[in-house]
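Heads up, the thing below is written out as structure tokens.
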Amino acid sequence: MKIAIIGSRGYPYVYSGYETFVTELSTRLVKKGHKITVYCHKGLFKEFPPVVNGVDLVYLPAIETKSISQLSHSLLSTLHVVSRSVDVVLYVNSANGPFGLITTIARKKTAINVDGLEWLRPKWKGLGAKYFYFSSWLSTKLFDVVISDSDRMADIYKKEFNASSTTIAYGANPAYSTNPELIEQMGLKKNDYYLIVGRLIPDNNADIIVKGFEKSTSKKKLVVVGDVPYRDAYAESIKKTTDPRILFPGYVKDPNVLRELYCNSYAYFHGHEFGGTNPTLLKALAYGCGILALDTVFSREVLLDGKHGVFFQKDVDSVAMVVNETEKDSSRLETLRSIARERITSNYTWEKIADQYEQLFTTMTL
């Protein structure tokens, strides 16, 4: 099959969940014998090879502003793809909903991975939230197939838009610590710290976790990996803590260091609120972490209602309590760490995800 992918920053450009998804999926589909084309943001690349690892690449410009960069690029990509011979077009991000009108007119088979509940995220207030809601609704009307990355997300789309969707989750690759000296250089030791990984934005709830940890009696550290690439009052308020136990290394771009941070943590804090199958939560399981997760329907789905994690409420006291309780009896976290990777190998391997997408695309072209 000939498959085009639109809506990410490109390949190989691992910046966020979308780009990781595109990388993992496209390379596996190429190995299965399919012809994959990924549309790339031209401004993000210094070189423009037409093919990388068997993946065909098309570089197109975008209007580089925060609000319309992706939309402008997707529009150009859509206008380009409808003139090409492709069997299926896959979009990522529900913001691309309106472009289904163009592919429908051009009679291209199209699917869209709608990701999370973007219209509920605090950063999209007012017009932005209304656009995401409208675009998500439009996705259910214009695309041949809507893909949700969790059963609970599929339930929400059914309730909110009266639309059925196909559930295909995100994936992860199990890995182990191979060079713990990398975190020792950061002044850290195995099982001596809690870990947060993610952007410092309100819907990831790092503020609640930090304040809750401050109230705890823990002698361990809390390492907060991530930031935002702009001046932001919310992020700055979190980093103003005077608690010497809390460390802010910022972005950790070296994947080897990041792997060691996960693998050697005492526990991983997951505060993400509005996504479906969250990539960082799967990565934490794949790296063998004990999970402390915000109690959401999405976390409960991935963690099997507590078999693979401990839940806390969106409340400072709840965070403090879960820290104190897990340290009083560390056997619970030891058990969670010992079975973490089993959850990935049973349900969230990239091989399984690629097989599901291949089957879906085959069905769409019949």
Checklist entry - Here are Thr37, Thr104, Thr65: which of them is at pLDDT 95 or above, of a type in the set (S, T, N, Q) and closer than 29 Å to Ala129 by Cα? => result Thr104
Checklist outcome for this item: Looking across region 275-291 at residues that are in a loop (DSSP other than H, G, I, E, B) and among the polar types (S, T, N, Q), the single one that is farthest from Pro180 (Cα to Cα) is Thr277
Checklist entry - Gly97 passes all but one of (1) touching a residue at least 40 places away in the same chain (Cβ under 8 Å); (2) surrounded by fewer than 17 Cβ atoms within 10 Å (Cβ to Cβ); (3) not basic (Lys, Arg); which number fails? => result (2)
Checklist entry - So which helices (runs of 4 or more DSSP H) are wholly in region 197-266 and hold at least 2 residues that are farther than 23 Å from Leu182 by Cβ and within 23 Å of the chain's Cα centre (by Cα)? => result 206-215, 233-239
Checklist outcome for this item: Subset of region 305-326, residues part of a helix (DSSP H, G or I) and either out of contact with any strand residue (DSSP E or B) (no Cβ under 7 Å at 6 or more places or on another chain) or outside the structural domain of Gly288 (by TED's automatic domain parsing) (or both), comes to Asp305, Gly306, Val316, Asp317, Ala320, Met321, Val323, Asn324, Glu325
Next on the checklist: Take the residues in region 46-78 that are of a type in the set (D, E, K, R) and part of a loop (DSSP other than H, G, I, E, B); name whichever of them is surrounded by the most Cβ atoms within 10 Å (Cβ to Cβ).
Outcome noted: Glu64
Next on the checklist: Against the condition assigned by TED's automatic domain parsing to the domain that holds Lys190 and either modelled with pLDDT of 95 or more or under 12 Å from Val323 (Cα atoms) (or both), how does Val228 come out, does it pass?
Outcome noted: no
Checklist outcome for this item: Cβ pairs under 7 Å, 6+ apart or interchain, first in region 293-306 and in contact (Cβ under 8 Å) with a residue 24 or more places away in the chain and surrounded by 14 or more Cβ atoms within 10 Å (Cβ to Cβ), second assigned to a strand (DSSP E or B) and β-branched (Val, Ile, Thr), ordered by first then second residue, are Leu303/Ile291
Checklist outcome for this item: Within region 98-118, residues being among the aliphatic types (A, V, I, L, M) and under 24 Å from Pro279 (Cβ atoms) number 4
Next on the checklist: Condition first: out of contact with any strand residue (DSSP E or B) (no Cβ under 6 Å at 6 or more places or on another chain) and closer than 13 Å to Val225 by Cα. Now tell me which residues in region 172-205 satisfy that.
Outcome noted: Ile183, Met186, Gly198, Arg199, Leu200, Ile201, Asn204
Checklist entry - Tell me, which residue of region 328-353 that is over 18 Å from Ile112 (Cβ atoms) and of a type in the set (A, V, I, L, M) is surrounded by the fewest Cβ atoms within 10 Å (Cβ to Cβ)? => result Ile339
Checklist entry - Any residue in region 277-291 that is in contact (Cβ under 8 Å) with a residue 40 or more places away in the chain, in the same structural domain as Ile209 (by TED's automatic domain parsing) and more than 28 Å from Thr27 (Cα to Cα)? => result yes
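Table: residues versus (1) crowded, with 23+ Cβ neighbours inside 10 Å; (2) closer than 30 Å to Asn93 by Cα; (3) free of Cβ contacts under 8 Å to residues at least 12 places away in the same chain.
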site: Leu138; (1), (2), (3): no, yes, no
site: Asp144; (1), (2), (3): no, yes, no
site: Tyr176; (1), (2), (3): no, no, no
site: Leu182; (1), (2), (3): no, no, no
site: Gln185; (1), (2), (3): no, no, yes
site: Tyr194; (1), (2), (3): yes, no, no
Checklist entry - Within region 328-366, which residues are in a helix (DSSP H, G or I), β-branched (Val, Ile, Thr) and more than 18 Å from Ile291 (Cβ to Cβ)? => result Ile353, Thr362, Thr363, Thr365
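The values are calculated or read from the model by the stated rules, or taken from the named source; none is laboratory data. In this text the structure is predicted, and so the values were computed from the model without any measurement. When we count neighbours, we look across all protein chains shown, and the Cβ atoms used for this are built from the backbone with ideal geometry, even at glycine.
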